[in-house]
1. Return only the number of the condition from (1) more than 21 Å from Val114 (Cα to Cα); (2) of a type in the set (A, V, I, L, M); (3) part of a helix (DSSP H, G or I) that Ala185 does not satisfy.
2. Quick one: Ala130 ticks every box in (1) in contact with a Phe, Trp or Tyr (Cβ under 8 Å, 6 or more places away or on another chain); (2) buried (at least 22 other Cβ atoms within 10 Å of the Cβ) bar one, so which box is it?
3. (1) under 25 Å from Glu99 (Cα atoms); (2) in contact with a helix residue (DSSP H, G or I) (Cβ under 7 Å, 6 or more places away or on another chain): which one isn't true of Ile208, the others all being true?
4. Which one is modelled with the highest pLDDT, of the residues in the range 213-272 that are under 15 Å from the mean Cα position of the chain (by Cα) and of a type in the set (D, E, K, R)?
5. Which residue pairs have Cβ atoms closer than 8 Å, lie 6 or more positions apart in sequence or on different chains, and pair a first residue in the range 224-246 that is at positive phi and of a type outside the set (A, V, I, L, M, F, W, C) with a second residue that is surrounded by 22 or more Cβ atoms within 10 Å (Cβ to Cβ) and at pLDDT 70 or above?
6. What single numbered condition from (1) out of contact with any Leu (no Cβ under 7 Å at 6 or more places or on another chain); (2) over 21 Å from Arg268 (Cβ atoms); (3) modelled with pLDDT under 90; (4) not hydrophobic (A, V, I, L, M, F, W, C) fails to hold for Gly134?
7. When the residues of the range 28-84 are filtered to those that are touching a residue at least 60 places away in the same chain (Cβ under 8 Å) and of a type in the set (Asp, Glu), which remaining residue is surrounded by the fewest Cβ atoms within 10 Å (Cβ to Cβ)?
8. Taking the residues in the range 143-172 that are exposed (fewer than 15 other Cβ atoms within 10 Å of the Cβ) and modelled with pLDDT under 70 as candidates, determine which candidate is farthest from Gln66 (Cα to Cα).
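The values are calculated or read from the model by the stated rules, or taken from the named source; none is laboratory data. Not measured: the values here are computed from a predicted model. Here Cβ is always computed from backbone atoms with ideal geometry, including for glycine, and neighbour counts include all displayed protein chains.
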Amino acid sequence: MTSAAQSANSSAKQMARSRPVKVAARVGILSYGITHLIIGVLALQVAFGQGGEQADQSGAFEALAQQPFGRVLLWVLALGFVAAAVWRAEQAIWGYTYESDQKKVVRKKVVSGVKVVIFLVLAVLAWNTATGSGGGGGQQQATAGVFGLPGGQFIVGLIGLVVLVVGVVKIVEGYRKKFLEDMSAPSDHRARTVLERVGQVGNVAKGIAIGLIGVLLIVAAIRVNPEEATGLDAALKGLAAQPYGPYLLTAVALGIVAYGVFCFFDARYHRV
């Protein structure tokens, strides 16, 4: 039994580290970048009072589906997300051998585990949109379900706090250029400088967007109202409704676009 388990583990490890999976993982990161570029454009439309689509992943995929060959591209994105999930699973189990600090290794493996779920959710969402079976309101329904549990209000508030902390950490790590730790950055000084600046702006903006979602969850918990916990779209539109909101949202939207551009660099230089 032990030999069979070791053999299965070795086979799974070998498959996850195969060249096709690594190439597909880069496609997955690229897909993530394309998604953020579209979200950034949709957020800009909201800032200028022209937003009709949801400024989140669902809205991005719906907007893409309306373009010529959009559904075919969505299928490609879905497969890319699946490949990225496989790659992240490999990292969560066997990865980061280049790190000597064990605390960093554990933290990075946990982050990779979370990203497995994120990429799988994106894959399902992209696939459902491509096949015409996509639907919105998932987070609101999930939050309403949690409210129905014993101590649900506390749980939602705690989740919101965790999401807010994740957003703050993302902002700090983005500013400190921590993303470079998992990249084989270009040796060319000008290319590296562009990568660093785009990465800083993009990751800080991504952190702000995550933090806004956390704030919405906390507010929903305080008011016991799951309708206020509707994800990135509500967070961005809520920001636009504040004093000087359109200007703030424009800055965040441009930052999200920058994060999408950063993903293009990441697809090229990330250690896979």
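1. Result: Ala185 fails condition (3) only.
2. Among (1) in contact with a Phe, Trp or Tyr (Cβ under 8 Å, 6 or more places away or on another chain); (2) buried (at least 22 other Cβ atoms within 10 Å of the Cβ), the lone unmet condition for Ala130 is (2).
3. (1)
4. Per the criteria, the residue is Asp266.
5. Here the result reads Gly231/Asp56; Gly231/Ile213; Gly231/Leu216, each pair linking the range 224-246 to a residue that is surrounded by 22 or more Cβ atoms within 10 Å (Cβ to Cβ) and at pLDDT 70 or above.
6. (1)
7. My answer is Glu62.
8. Leu149
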